[in-house]
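Input: a single structure, listed below in structure tokens.
The values are calculated or read from the model by the stated rules, or taken from the named source; none is laboratory data. What you see is a predicted model, and the numbers here were worked out from it, not measured in a lab. Cβ placement follows ideal geometry from the backbone for every residue including glycine, while neighbour counts extend to all protein chains displayed. We work out accessible area using only protein heavy atoms, side chains counted, and drop any ligands, DNA or RNA first. Shrake-Rupley method; radii C 1.70, N 1.55, O 1.52, S 1.80 Å.
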Amino acid sequence: MKAVACTKSLAITNPESLVDIELPQPVATGHDLLIKVQAIAVNPVDYKMRLYYPPAEGEHAVLGWDAVGVVQAAGDAVNQFKPGDSVFYAGDLTRSGCNAEYQLVDQRLVGRKPKNLSNTEAAALPLTAITAWEVLFEHLAIKQQITGSNEKSKEVILVVGAAGGVGSILIQIAKAITGATLIATASRQSSSAWVKKLGADYVVDHSKPLPAQIEALNLGPLTHVASLNSTDSYFDSYVEMLAPFGKIALTDDPKNIDIGKMKLKSLSLHFECMSARAMFQAADMSEQSRILNRVSELTDLGFIQTTAGKNLGTINAANLRAAHQELEQGQSIGKIVLEGF
């Protein structure tokens, strides 16, 4: 089968950073589904794995953890899917990824593809949707409501880095099934328009000091922060702006934050890693399947739209190098997708 692989840590401008290869088609056993990959999305974790976790000398790594495909075969312990089912998933960082024609994925990490989306539109959702869902409901403990009830709560969430992949889906989920007021950050006209379209109640500019902008909205103190990038830069502002017992959930990797500043307000800090359940074979690993099926349902009901921003063509090394390069520059809006081999 065709695949795109990383063999060593190289700058993305190097043609050898990602290469086209041929690999044997894997065989499904146990809880695994053998999935024929139809479309993928590319995420920052892809280039981080390429740069910081290269394979051993002489070996290769197939990256990619966002895909849509069709079940080709199922292991003997599979009971949720059958050959022919259209599915979407993020998968497991410790296993071979979706930059290949066929992939093995544990059924407990797989959801049913939204019927109302194309393959590329659906491929943009899994990794970021799981991340956003866990941020909102497992870490920030935002209260869920009946879908589309539109009843406002007292929760006020600041979403920093809202125009990216996670922010784009987090805003939509929160708008659909919570009553929280959503303040998104964006620094460009295009990204500001994007988050407003997705449902942000207010937009502030993260290239300028945040506290004065938040205060000017007259909403009172923040109750929650979803910090999706640059936590180092904004952490002190979060502490200043949050109400007592407020919560911060982050998805990036800050190096220099002083958590002692959180004590007087009894604030809490939560790290989100959507791969945790799969990597450590958590007892509730099937929660990812449940989340994806719920996201699929909300999508088919019209409450969530795709966050796909750019289609770079077929799945091959050259196009994936272009995708990695764009993500490394940090200027993408929505998700980068590719389709077919």
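Solvent-accessible area of Tyr238, all protein chains in place: 0 Å² (probe radius 1.4 Å, heavy atoms, ligands and nucleic acids excluded). To the nearest ten degrees, helix 287-300 and the longest principal axis of the Cα atoms of the chain are 80 degrees apart. Each Lys and Arg contributes +1 and each Asp and Glu -1, all at the Cβ; summed about the Cα centre of the stretch 14-99, the dipole is approximately 240 debye. Of the solvent-accessible surface of the chain, computed with a 1.4 Å probe and all protein chains present, 51% belongs to carbon and sulfur. Listed by chain and number, the lysines placed with their C-alpha closer than 20 angstrom to that of Lys82 are Lys36, Lys113, Lys115; residues fewer than eight positions away on the same chain are left out. A Förster distance of 30 Å, applied to the separation of the beta-carbon atoms of Ile259 and Glu59, puts the FRET efficiency at 0.20. Would you please classify the overall shape of the stretch 158-215 from the alpha carbon gyration tensor, given that a ≥ b ≥ c denote the square roots of the eigenvalues, rounded means a/c under 1.5, and beyond that prolate means a/b larger than b/c while oblate covers the rest? Since a/c reaches 1.5 but b/c is at least a/b, the shape of the stretch 158-215 is classed as oblate. Phe271 sits with roughly 130 Å² accessible to a 1.4 Å probe, with DNA, RNA and ligands left out of the calculation.
FRET efficiency for the pair Gln189 and Asp76, taken as 1/(1 + (r/R0)^6) with r the Cβ-Cβ distance and R0 = 45 Å, rounds to 0.25. Based on the alpha-carbon gyration tensor of the stretch 25-160 and its eigenvalue square roots a ≥ b ≥ c, which shape applies: rounded if a/c is under 1.5, prolate if not and a/b is larger than b/c, or oblate? The shape class here is oblate. Full extension of the chain between Ser207 and Lys143 yields a length gain of 20.0 nm, computed as 0.36 nm times the residue separation minus the alpha carbon distance. In this Cβ point-charge picture (+1 for Lys and Arg, -1 for Asp and Glu), the stretch 155-267 has a dipole of about 180 debye about its Cα centre. Taking every DSSP beta bridge that has both ends in the chain, the antiparallel portion is near 55%. Binning the C-alpha pair distances of the stretch 173-266 at 10 Å intervals from 0 yields a P(r) profile of 15, 48, 33, 5 %, listed from the shortest bin outward. The magnitude of the dipole of the stretch 228-341, with charges of +1 and -1 set on the Cβ of Lys/Arg and Asp/Glu and taken from the Cα centre, is near 140 debye. Extension gain for the segment Tyr52 to Ala243, taken as residue separation times 0.36 nm less the Cα-Cα distance, is 65.0 nm to one decimal. Compared with the dominant principal axis of the Cα atoms in the chain, helix 189-198 is inclined by about 90°.
Remark: the chain carries 43 Å² of accessible area per residue (probe radius 1.4 Å; ligands, DNA and RNA excluded). Checking every one of the trypsin sites (Lys or Arg not before Pro) in the stretch 123-225 against DSSP loop status and a limit of 14 other Cβ atoms within 10 Å picks out Lys143, Lys152, Lys154, Arg188. Over all projection directions, the Cα-based convex hull of the stretch 1-103 averages an area of 6.5 nm².
Go through Ile257, Ile169 and list them by solvent-accessible area, largest first, probe radius 1.4 Å.
Working: Ile257 45, Ile169 0 Å².
My answer, sorted largest first, is Ile257, Ile169.
Against the criterion of solvent-accessible heavy-atom surface with a 1.4 angstrom probe, Arg277, Arg294, Arg95, Arg112 sort, most first, into Arg112, Arg95, Arg294, Arg277.
Per-residue SASA remark: Ser286, around 60 Å² accessible (1.4 Å probe; ligands, DNA and RNA not included).
Angle check, please: helix 317-329 long axis (alpha carbons) against the longest principal axis of the chain (alpha carbons), in degrees 0 to 90, nearest 10. Once rounded, the angle reads 10 degrees.
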